1. At 222 nm, what value in deg cm²/dmol follows for the chain if DSSP H runs of at least 4 each add -39500 (n - 2.57) and the sum is divided by all its residues, to the nearest 500?
2. Sorted from fewest to most neighbouring beta carbons within 10 Å, what does the list M76, M197, M57, M41 look like?
3. Distances over 27 Å make up what percent of all Cα-Cα pairs in the chain?
4. If you line up the Cα atoms of the range 1-143 on their principal axes, what length do they span on each, largest first, in Å?
5. Where does helix 229-238 land angle-wise versus the long Cα axis of the chain, in degrees 0 to 90, nearest 10?
6. Please quote Rg/Rh for the range 141-210 to two decimal places, taking the Kirkwood radius as Rh and restricting both calculations to Cα atoms.
7. Give the range of the longest stretch in the chain that excludes all trypsin sites (Lys or Arg not before Pro) found in loop regions by DSSP and having at most 12 other beta-carbon atoms within 10 Å.
8. Counting only C-alpha contacts under 8 Å and six or more residues apart, can you give the relative contact order of the range 114-179 as a whole percent?
Amino acid sequence: MTQTRGAIIVGASSGIGEALARQLADEGYEIGLAARRTERMREIGNELPTKSYVATMDVTDTEDARAGFFELAEAMGSVDLVVLNAGVGPFNPKLEWEPERRAIDVNVRGFVALATAAMEYFETVGREDHSSELDGQLVGISSVAAHFGGGGVQAYCASKAFVSTYLEGLRARQRGADSNVSITTVEPGYVDTELSMGDFWECSPETAAKQIARAIQKEKTHVYVTRRWRVVAWALDLTPNWLLRRLL
Ligand SMILES: NC(=O)c1ccc[n+]([C@@H]2O[C@H](COP(=O)([O-])OP(=O)(O)OC[C@H]3O[C@@H](n4cnc5c(N)ncnc54)[C@H](OP(=O)(O)O)[C@@H]3O)[C@@H](O)[C@H]2O)c1
């Protein structure tokens, strides 16, 4: 008999997180949905073909969010996969403090609060499960925006650069560690959600979810969604700053 797999998605109430909840449930995962909009998550959960759990959490209340994460994991019994997807992308050309603070609070503080909780879970509870070689899988949703500083979205771009570099650090930390946690960085281009900042090469949340699920299945370390965004990321990395400033 195959063991039931469990996945927690933080930021599961809309967009990419919602589509990924549906995709992973179709693949047989039981889903723990976490975000602030409880009713919306209940509705999504009720539509899933597998068992679902809902945890109301605001990742900016870091202590509460971490406690909520551990409670959710305990309720689910076993969690093999954690996807950290919660994010905000305020457009703030006037450089007001509140939107900048919000981007950092959700995308950086909230992200690390949950990433450390997930790693702690995998390195303790995950390690006790000897039926699998892998102690767990952590997936972080960053962005192609990690590769440049965009005017008006400076905090968003910087926060995503933080996410990508932080995940790289977690992978480096894995080398020589006793635990075996697979860590995947996802860098989407434009995905058709409320947060989307453009429509060039935009894909649907469902297409994004399919590609993320495939990367999870293959235990990839890094993936662009859709794949052709890698060209943009490479171009951004290679273009001199003075030229980028003229173009963007
Ligand atoms: N759409 C794009 O073009 C694009 C491109 C690159 C990367 N991304 C990244 O993809 C991720 C998902 O975004 P999306 O495009 O699917 O947008 P979305 O539909 O707005 O989804 C954002 C998710 O984050 C959750 N969230 C926001 N603030 C939160 C908080 N304080 N506490 C807990 N959850 C919170 C939201 O839930 P509640 O509001 O219910 O809390 C929602 O579930 C983000 O990290 C985003 O940066 C998106």
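Bear in mind these aren't lab numbers, they're just calculated from the coordinates by the rules spelled out. What you are looking at is a predicted structure, and each value in this text was computed from that prediction instead of being measured. Note: ideal-geometry Cβ built from the backbone for every residue, glycine included; neighbour counts use all protein chains shown.
1. Calculated from helices alone, the mean residue ellipticity at 222 nm is -13500 deg cm²/dmol.
2. M197, M76, M57, M41
3. Here the tail beyond 27 Å accounts for 32 percent of pairs.
4. Computed over the Cα atoms, the extents are 58, 32, 25 Å.
5. Approximately 50 degrees, to the nearest ten.
6. 1.06
7. Formally, the longest exposed-site-free interval is 1-93.
8. Contact order relative to length: 28 percent.
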